[in-house]
Amino acid sequence: MLTVPYKDISPTEARKLQEQNTLFVDVREPEEFAQARIEGARLIPLSEFAARHQEIPKDEPVVLYCRSGARSAQAAAWLSAKGYPNILNLDGGILAWYQAGLPLDTEPQEAVRSSTAFTELTPQEAQAWIQEGAYVVDVREPYEYAMGHVPGAVNIPLGRLAAEVGRLPKDRKLLLVCASGNRSSQAAEYLVGQGFEGSLVGNLEGGTYGWMAAGLEVER
C-alpha cells in the first residue's frame, strides 16, 4: 500500500480550514490542553494515540497540532502510515498560531486523562520503578536504541514483540519505552491483552525525549 505523506500547513491555512469546520486534533497532554487550545479542537494526546486513533475519521481532512509542531508531526506520520490520506500538520504548532495573532480558547478546563489498561508513568515515576527493579524494554529499532536508551533497557523492537513475549517476566514490573511514548503504549496495550497485569505494565510518557528533557541520563 502506498503511504500518502502528511502535509505541513501554515497558521493562515489552518485558520481557513477552521472556518470550514475542519476537525482539529490537539496531541498535547491534558495539562497543556487545559491551559489554552484552538477553539473546537479535540484532545487525543500522543501518549494515547495508539489506543484512540480510531476516533479520527479517514474520509475527511484533519489538522493535527501540538506546542511546536514536533509531536503532531510524529502523530501525522504515524497516521499516514496507517492509511490516513488527509492528514495536515500545523507547522510551528499552537505557538505559531498565537504568534500569527489568531484566537485561542483560554477558558479554564480540568485536565482529564483517558483511563488505560496499563500504567502511564512520568519520567520521575519511571525512574522509581527502575529503582524498584522494573524490567525495562525499549521497543524502538536497534539504530535508535544505539543512539541512547534508558539505563539497563533491553531492546525488543515493536515488530518483534509478539515473538519475544515469552521471555518477559509476568511477576515483576515491566517498563515500556520508545522515542515519544507512542510505540511503547502500543506494546503496553498488547502485553495487557496477553495476560500481563496492567498495574505491572508501565509506559514512559514522552519516551526517551521526555526522559532526557527531565534531565535523566541515557546509556549509549
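Laid out as a table, the results:
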{"read-out": "Residue satisfying all of: in segment 30-83; acidic (Asp, Glu) and in contact with a strand residue (DSSP E or B) (Cβ under 9 Å, 6 or more places away or on another chain); surrounded by the most Cβ atoms within 10 Å (Cβ to Cβ) among these", "value": "48"}
{"read-out": "Residue check, residue 199 in contact (Cβ under 8 Å) with a residue 24 or more places away in the chain and either in the same structural domain as residue 54 (by TED's automatic domain parsing) or surrounded by 16 or more Cβ atoms within 10 Å (Cβ to Cβ) (or both)", "value": "no"}
{"read-out": "Residue match in segment 149-160 (condition: touching a Lys or Arg at 6+ places or on another chain (Cβ under 9 Å) and either assigned to a helix (DSSP H, G or I) or within 27 Å of residue 31 (Cβ to Cβ) (or both))", "value": "yes"}
{"read-out": "Which numbered condition residue 106 misses (of (1) surrounded by 12 or more Cβ atoms within 10 Å (Cβ to Cβ); (2) among the polar types (S, T, N, Q); (3) in contact (Cβ under 8 Å) with a residue 40 or more places away in the chain)", "value": "(1)"}
{"read-out": "Tally, over segment 126-166, of residues that are loosely packed, with under 15 Cβ neighbours inside 10 Å and either farther than 25 Å from residue 215 by Cβ or of a type outside the set (A, V, I, L, M) (or both)", "value": "14"}
{"read-out": "Residue ID - nearest to the chain's Cα centre (by Cα), chosen from residues in segment 167-220 that are outside any loop (DSSP other than H, G, I, E, B) and among the aromatic types (Phe, Trp, Tyr)", "value": "209"}
{"read-out": "Test: residue 88 is outside any helix (DSSP H, G or I), at pLDDT 90 or above and of a type in the set (A, V, I, L, M)", "value": "yes"}
{"read-out": "Segments classed as helices (runs of 4 or more DSSP H), wholly inside segment 2-71, with at least 1 members that are more than 29 Å from residue 191 (Cα to Cα)", "value": "11-19, 30-35"}
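The values are calculated or read from the model by the stated rules, or taken from the named source; none is laboratory data. What you are looking at is a predicted structure, and each value in this text was computed from that prediction instead of being measured. All Cβ positions, even for glycine, are placed from backbone atoms using ideal geometry, and neighbour counts span all protein chains on display.
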